[in-house]
2 protein chains.
Amino acid sequence: MAHGRAPNAPSPRVREKRRRRRAEILHAALRAFRETGYHTTTLDDIAERLGVRKTALYHYFPDKESILYECHRESLGEIARMIEEAEACYECASDKLAYLIREHVRVMTETLEGSPLAFEVPALSPERRAEIVAARDGYERVLRDLVLQGTRDGEFRPVDPKVAVFAILGAINWIARWYQPEGAIDALELGSKFADYLVGGLKCEQPS
Amino acid sequence: MAHGRAPNAPSPRVREKRRRRRAEILHAALRAFRETGYHTTTLDDIAERLGVRKTALYHYFPDKESILYECHRESLGEIARMIEEAEACYECASDKLAYLIREHVRVMTETLEGSPLAFEVPALSPERRAEIVAARDGYERVLRDLVLQGTRDGEFRPVDPKVAVFAILGAINWIARWYQPEGAIDALELGSKFADYLVGGLKCEQPS
DNA sequence: TCAATTTTTTAACGGCCGTTCAAATCAGCC
DNA sequence: GGCTGATTTGAACGGCCGTTAAAAAATTGA
């Protein structure tokens, strides 16, 4: 047994190759889902983007829904990373919130990863949907807590945290519907503008 | 020919009955589309809500897409009404904008009419989609012009009107995804809070 | 170079769902 | 009450698309 791996186990080389191919498929699917939605994109559509027949996809994913599920998992990973970063790098609520908005916008625009998480949750099976929704709820809770903290600290005026967070997430998620990577609006600039606007709406007016 | 109507023409009575039935179907479809999305709701689903077989629907609409199209038309009618009202009843940009936000939220929650307009535009045929998109673009232009006017008048700080309007519409459209008519959040209150938050983010900070 | 195995293809099935059409039932009207 | 048109039904078709299975092609590793 070469290099000590189990008999009949795939070599590291083929494992890596397979991993890359999976990522390619996921990326192609991601773009297709974003452009035409999960239900209207067929496996042929995804396969065509890769120059391959649709049956080839079944060597990497058991079914169509699993492809969508993995898209969601990747997005959630990005979100989790964002949250850790915000906690580690910023102090006050408004800075943390602004950072999260900027990063979320970046995920939505640069990598385009966020779009299925925004729009295609209902397409998942009940169990998987429950898992994704639970994670998304956790993210929403983090945002609500930030709004509350800001209000307690006197940074923000007293607003309904639930409603404010729904507004923020709606604004961000909606990006997937109109943003065009090759368009006139720069992704990073968009993130900053969104952060300015959406955090600005929470801030106390300067005492005169 | 009774009452002077053309021979073989339906009587006013049956015309009215048909009109009502169409509205019933549209409303049932609207709720179904909102709850599960256009592509996953079948004609059986819509018919079941009406206690009828799906083939009965074909007496009122030529195909499934036409039902969706009529939903869009109704929403656009509401939007147009909103715009006229805002122009007629309010003076400054912030008041007009706040009114439009409140009303749009009301359309989104009370009547639930706005949800297909928010989410199911891509499901329309190219020609119909073009028509609906053009109308929606007109609405967006009205909002952008309000933001610009507010900035010119010194009410609003200088923001990117395009980006601000996308944020506002995203926040509002997203309501269709989480709002539950029987839930804890009151529709009118939600409209006011959205208007406060989204217009507040545009306003100049008070000079100290 | 050649066997082993990974990857892709070809062919085809099967179910769902929008749609059609003729027949049956219902409602309006004199 | 009975004729006429409006409405609903039942049965069935047909295409699209996700999925399966087995054969072919390509890649790996010695």
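What number of residues within segment B:66-75 are crowded, with 18+ Cβ neighbours inside 10 Å, under 9 Å from the mean Cα position of the chain (by Cα) and not hydroxyl-bearing (S, T, Y)? Total meeting the criteria: 3.
Scanning segment A:80-91 for residues that are assigned to a loop (DSSP other than H, G, I, E, B) and loosely packed, with under 14 Cβ neighbours inside 10 Å yields a single hit, A:E91.
To keep it simple, each residue is scored yes or no on (1) more than 22 Å from A:R34 (Cα to Cα); (2) within 16 Å of DNA strand D (Cβ to nearest atom).
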position: A:R49; (1), (2): no, yes
position: A:D63; (1), (2): no, yes
position: A:I67; (1), (2): no, yes
position: A:L76; (1), (2): no, no
position: A:E84; (1), (2): yes, no
position: A:C89; (1), (2): yes, no
position: A:S94; (1), (2): yes, no
position: A:Y99; (1), (2): yes, no
position: A:R102; (1), (2): no, no
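Output yes when any residue across segment B:42-50 is exposed (fewer than 15 other Cβ atoms within 10 Å of the Cβ), without any contact (Cβ under 8 Å) to a residue 24 or more places away in the chain and of a type in the set (G, A, S), and no when none is. Looking for residues that are exposed (fewer than 15 other Cβ atoms within 10 Å of the Cβ), without any contact (Cβ under 8 Å) to a residue 24 or more places away in the chain and of a type in the set (G, A, S), one finds none in segment B:42-50, hence no.
Looking only at residues in segment B:17-57 that are within 9 Å of DNA strand C (Cβ to nearest atom) and not in a helix (DSSP H, G or I), the one that is farthest from the other protein chains (Cβ to nearest Cβ) is B:R53.
Here the condition is being open to solvent by 20 Å² or more (accessible area, probe 1.4 Å), modelled with pLDDT of 95 or more and out of contact with any Asp or Glu (no Cβ under 8 Å at 6 or more places or on another chain); of B:S192, B:S208, it holds for B:S192 alone.
Can you find even one residue in segment B:142-157 that is more than 9 Å from chain A (Cβ to nearest Cβ), basic (K, R) and open to solvent by 10 Å² or more (accessible area, probe 1.4 Å)? Yes: segment B:142-157 contains one or more residues that are more than 9 Å from chain A (Cβ to nearest Cβ), basic (K, R) and open to solvent by 10 Å² or more (accessible area, probe 1.4 Å).
Of the residues making up segment B:58-68, those that are of a type outside the set (A, V, I, L, M, F, W, C) and either within 14 Å of chain A (Cβ to nearest Cβ) or more than 9 Å from DNA strand C (Cβ to nearest atom) (or both) number 3.
The values are calculated or read from the model by the stated rules, or taken from the named source; none is laboratory data. Owing to the predicted nature of the structure, the values given are computational and were not obtained by experimental measurement. All Cβ positions, glycine included, derive from the backbone under ideal geometry; neighbour counts span all protein chains shown. Quick note on the areas: whole protein, heavy atoms, side chains included, nothing else; ligands and nucleic acids left out. Shrake-Rupley method; radii C 1.70, N 1.55, O 1.52, S 1.80 Å.
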